[in-house]
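A.B. asks: Submitted below is the structure of interest, expressed as structure tokens.
The values are calculated or read from the model by the stated rules, or taken from the named source; none is laboratory data. Quick caveat, the model's predicted, so the values are computed rather than measured. Every residue, glycine among them, receives a Cβ derived from its backbone with ideal geometry; neighbour counts consider all protein chains shown. These accessible areas exclude ligands, DNA and RNA; they are computed on the full protein's heavy atoms, side chains included. Shrake-Rupley method; radii C 1.70, N 1.55, O 1.52, S 1.80 Å.
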Amino acid sequence: MQMPFCPKLWDRSPVPPANAIAVNGTVVVANTFGLSAPGKSTTLRLFSGTQIDHETGKGKLSPEAPLRGGKKSKHGKTSTTTYHVTFVVDADFGTPGAVSVRNGNRADRFFLRHVRLELAEDRSIHFECNSWVYPYKKTAADRLFFVNTVRSYLPSKTPEALVLLRDEELRSLRGDGKGERKDWERIYDYDRYNDLGNPDNPEHVRPVVGGTRTHPYPRRCRTGRAISNTDGVTETRKHVINLDFYIPPDERFSPGKLEEVLKLGVQAVTHFVIPEARTLVHGNDFKSMEQLRKDLYSRPVQPAVDGEVMERLKSSVPSHKTYKQVAKAVKEEHPAKFPIPQVIQQDPEAWRSDEEFAREMLAGLNPVAIKRLQTFPPVSSGGKRSSITAEHIKSQLGDVTIEMAMHQKRLYILDHHDYLMPYLRRINTLGVCIYASRTLLFLKADGTLKPVVIELSLPSDGEGDTELSRVFLPATHGTEGHLWQLAKAHVSVNDSGYHQLISHWLFTHAAVEPFIIATRRQLSAMHPIHKLLEPHFKDTMQINTLARSILLNAGGILERTMYPGKYAVEMSSAIYGDWRFTEQSLPNDLLKRGMASSSNEPGGLTLHIEDYPYAVDGLEVWHAIDGWVRSYCAHFYHSDKEVDGDAELQAWWHDVRTVGHGDRQGDQACWLALDTVDHLAQTLSTLIWIASALHAAVNFGQYAYAGFPPNRPTRCRRFVPLPGSPEMTQLEADPEKFFLEMVPDRFTATLGLALIEVLSNHTSDEVYLGQRATSTWTDDGQLLRLLDRFREDLRRVERRVEERNKDPRLKNRRGPAKVPYTLLFPDVAGQEKGLTGKGIPNSVSI
């Protein structure tokens, strides 16, 4: 029989009756600006993990225990308050298995870091929370946390006292798919991307992606906002820039990261204002490369900011507080100069070279698009042959014939042709001048790539699929040299758009979100696979929500800076139609692109370009991840039958395949059957690779290479001039001026620059591959030893990366620009923050 709760006991250190014992603990809460502390109105209760209350069928439940005291402390940028709590429980209560928290505050939420119980001098129990707890008045339910310093439980092995709690918690997280979600609700459900457009504004009408054969797409988290009366399918939003989209509380930034991201956001918005003001004074084009470098990377004299600019800003920013912060920064502070990007730090002209142009396809910010040429001349998916001929390239291969080069696996292609051609007529009505491109490259004896030809294609003026193509050959002097530089710039524009929209957004951010939703809906927090994946989901849904609200939306930053404009998401939907999860592991990706072949060598692959930094470093990281995952799975699953019989795991996989990525369920090659330990390990390794290393490789190098806009322009305003045209005369008269008038204008370039500076930053609360947010994530000694082995594997990768970067024979590791390849340097210590260009965070967190 439970002891009745006696409020008077809490006025001093409790003295339990003879038939009960006191369990002391601490509760750590993050201090959050603008929100009141939890206070004594917040109470906690314990559920036994071993002793059942036969009336409820759940673990025995302790009386309520309020918080006491409250001591503030600060560790670096993190400020917390530690409270004390004492539970009075029956002597036969058993070991606690869960804690419920009730926020009695009538208005404010608080961010609960963790709860720790001291059971004996040498034994404690830890509940890692890291979650917002909302007032009970709003939630009408206590917040439940399961203990994490005991063994994880497969569903069939859950202690009887926790079975009902486990099931109830999962059912509450799924919701009923109805109504608009409120901030305090913890509900994970799926929806299409129907919140990017605005049917009431003809300029902002966008198709819904996801849920149809014509526009397949991964699912996002459902918000349930009101549907527009205009088209009956698009969700409404309060502002063009809307920062208050719903996401479940557990997916939101911690208070510290939220403050840091808001500061970066204010800085970015300030950058939007300053260039627009300079545009009014100096014009919207850079007059020379020297002026570009001076204006972007030297501290400028602050221009007067036109009132019209500030009014436009005010109408775009939903928060008056944010607007005031930006206005203050613009008025009182000189804008900080952009840091000099790595690509021009050592040699400001190296980016122009053919070798650097080609090297960045292997070690730049988008090293995942290059493929080995399988057929010469290249052939479109519809069977149409390229206009490139043997005459164009045979003189550039030395004493190697085209047939020999193909046989020796020395011809490669950067192909931005087939997916672009169906969209070019529409894209080029948006005030941009975009081609579909093919670039062929030859692998030289020294291991570097040499671009040998570029084909730029446009659809013909008439109907149908006929094309107008021009072929450009390498040249360094005269008009041919200028044309070659322009052709390379157009290729870079294609690659920039593909990188940001496909390699980065679609293949990492958007692809991971359905896995997060499925994990929360179907895998209990006690499930070992949930615990394995937890660190790889940190902040992803929050950052994706921000992307939908200000980057991908109609009129958002990506539409304003990237060449596809309003067709960006629609085009990414078409590419998703061929996406396969099984091809996202690094080994399978390299095989698909023809960059490697299966072999009996260690690792099972032979790279056809030995000095391919992304692949060389990536394979070592992949094998470390795969080793960790396989040992983890083997720790819990001792037979294939246990995998196949895990009800939660099978429900998770069904959710992912039929709902979260439901538009790809018809492709049997897209998914493995989750019926063996091996298939489970392959699936989890691939997911962790995507969320950690793949995202790091395509995200954190953005500022290093695209921070100098001429190296990675995002759109073009002029086509390559035709012989004898007035434009050709202009090019010959002033090649640099023509180039700068072709690439993005001052404002577009600076807006994009401000964005990628934020995206390339490592924030102070980053948790890197091999790390856990807390050392108390488990007390399973075997798991801790396996994690230590994983960390040591990653440290070995770090040492080998450093050794390779010092090897002068590996020319692709640094190249003419002398930028060492460190994007897949794990940084297990995780000590450096900011624009480091290295480190693999656990998750898609920025």
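A.B. asks: Kindly indicate whether Thr686 is of a type in the set (Ser, Thr, Tyr) and not in a helix (DSSP H, G or I).
C.D. replies: It is false that Thr686 is of a type in the set (Ser, Thr, Tyr) and not in a helix (DSSP H, G or I).
A.B. asks: Further, regarding this structure: Inspect all residues belonging to region 500-523 and state whether any of them is outside any helix (DSSP H, G or I), within 16 Å of Tyr153 (Cα to Cα) and more than 10 Å from the chain's Cα centre (by Cα).
C.D. replies: Yes, region 500-523 has at least one match.
A.B. asks: Let me ask something additional. Just give me the residues in region 155-185 being within 23 Å of Tyr136 (Cα to Cα) and among the small types (Gly, Ala, Ser), in sequence order.
C.D. replies: Ser172, Gly175, Gly177, Gly179
A.B. asks: Considering only region 40-81, give the strands (runs of 3 or more DSSP E) lying wholly within it that have at least 1 residues that are open to solvent by 60 Å² or more (accessible area, probe 1.4 Å), in contact (Cβ under 8 Å) with a residue 24 or more places away in the chain and in contact with a Gly (Cβ under 9 Å, 6 or more places away or on another chain).
C.D. replies: Those strands (runs of 3 or more DSSP E) span 43-53.
A.B. asks: Let me ask something additional. Would you mind stating whether Glu467 is over 25 Å from the mean Cα position of the chain (by Cα), open to solvent by 40 Å² or more (accessible area, probe 1.4 Å) and modelled with pLDDT of 95 or more?
C.D. replies: So Glu467 fails the test.
A.B. asks: If a residue has to be open to solvent by 40 Å² or more (accessible area, probe 1.4 Å) and either outside the structural domain of Leu424 (by the TED database) or among the charged types (D, E, K, R) (or both) to count, how many in region 470-488 make the cut?
C.D. replies: Within region 470-488, residues that are open to solvent by 40 Å² or more (accessible area, probe 1.4 Å) and either outside the structural domain of Leu424 (by the TED database) or among the charged types (D, E, K, R) (or both) number 2.
A.B. asks: Tell me, yes or no, whether region 86-105 has at least one residue that is in the same structural domain as Phe47 (by the TED database), among the aromatic types (Phe, Trp, Tyr) and in a loop (DSSP other than H, G, I, E, B).
C.D. replies: yes
A.B. asks: Could you tell me whether region 433-453 includes any residue that is modelled with pLDDT of 95 or more, of a type in the set (Phe, Trp, Tyr), assigned to a strand (DSSP E or B) and over 30 Å from Asp807 (Cβ atoms)?
C.D. replies: No, every residue in region 433-453 fails to be modelled with pLDDT of 95 or more, of a type in the set (Phe, Trp, Tyr), assigned to a strand (DSSP E or B) and over 30 Å from Asp807 (Cβ atoms).
A.B. asks: Scan region 193-214 and give yes if some residue there is in a loop (DSSP other than H, G, I, E, B) and on the phi > 0 side of the Ramachandran plot, otherwise no.
C.D. replies: Scanning region 193-214 turns up at least one residue that is in a loop (DSSP other than H, G, I, E, B) and on the phi > 0 side of the Ramachandran plot.
A.B. asks: Among Glu118, Glu169, Glu160, which is open to solvent by less than 40 Å² (accessible area, probe 1.4 Å) and either touching a residue at least 40 places away in the same chain (Cβ under 8 Å) or farther than 25 Å from Trp652 by Cα (or both)?
C.D. replies: Glu169
A.B. asks: Residues of region 19-34 being among the hydrophobic types (A, V, I, L, M, F, W, C) and either in a strand (DSSP E or B) or crowded, with 16+ Cβ neighbours inside 10 Å (or both), which ones?
C.D. replies: Ala20, Ile21, Ala22, Val23, Val27, Val28, Val29, Ala30, listed by residue number.
A.B. asks: Further, regarding this structure: Any idea which of (1) buried (at least 16 other Cβ atoms within 10 Å of the Cβ); (2) closer than 17 Å to Ser572 by Cα is the one Pro422 doesn't satisfy?
C.D. replies: Of everything listed in (1) buried (at least 16 other Cβ atoms within 10 Å of the Cβ); (2) closer than 17 Å to Ser572 by Cα, Pro422 misses just condition (1).
A.B. asks: Now for a separate question. Out of everything in region 121-132 that is without any contact (Cβ under 8 Å) to a residue 60 or more places away in the chain and either touching a Leu at 6+ places or on another chain (Cβ under 6 Å) or part of a strand (DSSP E or B) (or both), what residue ends up being surrounded by the fewest Cβ atoms within 10 Å (Cβ to Cβ)?
C.D. replies: Arg123
A.B. asks: From Asp244, Asp231, which residue is surrounded by fewer than 18 Cβ atoms within 10 Å (Cβ to Cβ) and either at pLDDT below 80 or within 24 Å of the chain's Cα centre (by Cα) (or both)?
C.D. replies: The match here is Asp244.
A.B. asks: Counting just the residues of region 645-655 that are buried (at least 17 other Cβ atoms within 10 Å of the Cβ) and out of contact with any Pro (no Cβ under 6 Å at 6 or more places or on another chain), which one comes out nearest to Ser156 (Cα to Cα)?
C.D. replies: Step by step, filter region 645-655, then rank; the result is Asp646.
A.B. asks: Every residue in region 642-690 that is in contact with a strand residue (DSSP E or B) (Cβ under 9 Å, 6 or more places away or on another chain) and of a type in the set (Gly, Ala, Ser), please.
C.D. replies: Gly660, Gly662
A.B. asks: Is there a residue being closer than 19 Å to Glu251 by Cβ, part of a helix (DSSP H, G or I) and open to solvent by 30 Å² or more (accessible area, probe 1.4 Å) anywhere in region 172-184?
C.D. replies: Yes - at least one qualifying residue is present in region 172-184.
A.B. asks: Shifting gears a bit: For the condition in contact with a strand residue (DSSP E or B) (Cβ under 9 Å, 6 or more places away or on another chain), open to solvent by 10 Å² or more (accessible area, probe 1.4 Å) and not acidic (Asp, Glu), what is the one hit in Ala369, Ala445, Ala405, Ala436?
C.D. replies: Ala369
A.B. asks: Condition first: of a type in the set (Gly, Ala, Ser) and out of contact with any Pro (no Cβ under 7 Å at 6 or more places or on another chain). Now tell me which residues in region 709-751 satisfy that.
C.D. replies: Gly724, Ser725, Ala733
A.B. asks: Condition test on Arg580, is it over 30 Å from Thr748 (Cα atoms) and of a type in the set (D, E, K, R)?
C.D. replies: yes
A.B. asks: Could you pull out the residue among Thr776, Thr748 that is buried (at least 19 other Cβ atoms within 10 Å of the Cβ) and not basic (Lys, Arg)?
C.D. replies: Thr748
A.B. asks: Could I ask something else about it? Based on what the data block shows, is Arg219 under 18 Å from Arg548 (Cα atoms), surrounded by fewer than 20 Cβ atoms within 10 Å (Cβ to Cβ) and among the basic types (Lys, Arg)?
C.D. replies: It is false that Arg219 is under 18 Å from Arg548 (Cα atoms), surrounded by fewer than 20 Cβ atoms within 10 Å (Cβ to Cβ) and among the basic types (Lys, Arg).
A.B. asks: Next question, about the same structure. Could we say that Leu731 is of a type in the set (A, V, I, L, M, F, W, C) and closer than 21 Å to Ile517 by Cβ here?
C.D. replies: Considered against the rule, which asks whether it is of a type in the set (A, V, I, L, M, F, W, C) and closer than 21 Å to Ile517 by Cβ, Leu731 comes out as no.
A.B. asks: Shifting gears a bit: Which numbered condition in (1) part of a loop (DSSP other than H, G, I, E, B); (2) open to solvent by less than 40 Å² (accessible area, probe 1.4 Å); (3) of a type in the set (A, V, I, L, M, F, W, C); (4) closer than 27 Å to Ile575 by Cα is the only one that Val400 fails?
C.D. replies: Checking Val400 against (1) part of a loop (DSSP other than H, G, I, E, B); (2) open to solvent by less than 40 Å² (accessible area, probe 1.4 Å); (3) of a type in the set (A, V, I, L, M, F, W, C); (4) closer than 27 Å to Ile575 by Cα, the one that fails is (4).
A.B. asks: Which is farther than 30 Å from Ala30 by Cα and of a type in the set (A, V, I, L, M), of Val147, Val163?
C.D. replies: One residue alone meets the criteria, Val163.
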